[in-house]
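*Asks:* What follows is a structure written as structure tokens; I'll ask about it next.
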Amino acid sequence: MAQDSKVLAYAVLVLSVLLGGVSLLGFALVLAAGPFELVPLGLDAGVALGWDTGLCLVFFIQHSGMIRRPFRERLGRVLPEHFHPAVYSIISGLALLPLLLAWQRAGPALVTVDGPARWALRALFVLAGVIFLWAVRSLRAFDTFGLEPIRARLQGTESRRLPLAIRGPYCYVRHPRDSLFLVLLWACPDVTADRLLLNGLFTGWIVVGSILEERDLVREFGEAYRGYQRQVPMLVPWPGRRAC
């Protein structure tokens, strides 16, 4: 690899870790404590909810659009394929940062859970977070920031195409990270109008995104994935339906 290409590769690696890492950490804090109003704009509640919806839609369109196969095929005409995952991480981080920085609160809490039920929700949040990490680790080769293809190119090797692997929580649902994200989203004891908006929009996006991802997975793995679909539910575990 030429020296200029190496400099570009390392720059992309650093940006991916920084922007992807900061945005993920920030969103984890939002899930745990609720959205922050870091840049108050003084908007009325209705206008604030419209503004917040726009911030969510920007992230949804970017995140779901870039991961679809047609977009990746078009991107491959102008950018080497080994850069794609890291560039996706960078742009996803940039799309998420406005939501974290410019979110506007709208009104007081609609629902506040106190007492033992509050602690139960907090415990559920922690448990879902632990299982989420288990789901990530069960993939073994899960590459959050898209670093592996660039590292492989820098080392003069080829990035491995991974087979369909079913283990850990993937034995019970086809998209356990999405299922657990929904639990993290709704296990909140204090719900304001803007938090309810966030929960509703992200829930819809998760469901639609999972359905769209299924199409790509069927194209990639064929009959093996169709058999997996017949064995295991998409998002909600069901007694008697498991793959291992």
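The values are calculated or read from the model by the stated rules, or taken from the named source; none is laboratory data. A quick note: this is a predicted structure, and the numbers were derived from the prediction, not measured. Here Cβ is always computed from backbone atoms with ideal geometry, including for glycine, and neighbour counts include all displayed protein chains. Protein only, heavy atoms only, side chains kept; ligands, DNA and RNA dropped before computing areas. Shrake-Rupley method; radii C 1.70, N 1.55, O 1.52, S 1.80 Å.
*Asks:* Is at least one residue of segment 175-182 at negative phi, open to solvent by 80 Å² or more (accessible area, probe 1.4 Å) and within 18 Å of the chain's Cα centre (by Cα)? It would help to see each step written out before you state the result.
*Replies:* If we filter segment 175-182 for residues that are at negative phi, which is where we start, we get 175-182.
Then keep just the ones that are open to solvent by 80 Å² or more (accessible area, probe 1.4 Å); that gives none.
The answer is no, given that none of the residues of segment 175-182 is at negative phi, open to solvent by 80 Å² or more (accessible area, probe 1.4 Å) and within 18 Å of the chain's Cα centre (by Cα).
*Asks:* Of the conditions (1) open to solvent by less than 80 Å² (accessible area, probe 1.4 Å); (2) in contact (Cβ under 8 Å) with a residue 60 or more places away in the chain; (3) part of a helix (DSSP H, G or I), P233 fails just one. Which one is it?
*Replies:* The one condition P233 does not meet is (3).
*Asks:* Inside segment 131-148, can you point out the residues that are open to solvent by less than 50 Å² (accessible area, probe 1.4 Å) and closer than 15 Å to I90 by Cα?
*Replies:* If the condition is that a residue be open to solvent by less than 50 Å² (accessible area, probe 1.4 Å) and closer than 15 Å to I90 by Cα, then F145, G146, L147 are the ones that fit.
Each row is one residue, and each column tells you yes or no for (1) in contact (Cβ under 8 Å) with a residue 24 or more places away in the chain; (2) touching a Gly at 6+ places or on another chain (Cβ under 7 Å); (3) crowded, with 16+ Cβ neighbours inside 10 Å.
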| residue | (1), (2), (3) |
| --- | --- |
| L15 | yes, no, yes |
| L25 | no, no, no |
| T53 | yes, no, no |
| M66 | yes, no, yes |
| P70 | no, no, no |
| R74 | no, no, no |
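*Asks:* What number of residues within segment 34-86 are more than 30 Å from A152 (Cα to Cα) and among the aliphatic types (A, V, I, L, M)?
*Replies:* The total comes to 11.
*Asks:* Look through R177, R122, R137 and report the one residue that is part of a helix (DSSP H, G or I) and over 21 Å from M234 (Cα atoms). Even if it seems obvious, please write down each step before you answer.
*Replies:* On the way: R177 fails: over 21 Å from M234 (Cα atoms); R137 fails: over 21 Å from M234 (Cα atoms).
Just a single option satisfies the conditions, and that option is R122.
*Asks:* Only one of R177, R151, R219, R215 is of a type in the set (K, R) and under 30 Å from V111 (Cα atoms). Can you tell me which?
*Replies:* From the options R177, R151, R219, R215, the qualifying one is R177.
*Asks:* Can you name the residue in segment 27-38 that is assigned to a loop (DSSP other than H, G, I, E, B) and either over 16 Å from C188 (Cα atoms) or aliphatic (A, V, I, L, M) (or both) and is also least open to solvent (accessible area, probe 1.4 Å) among such residues?
*Replies:* Taking the candidates together, the pick is E37.
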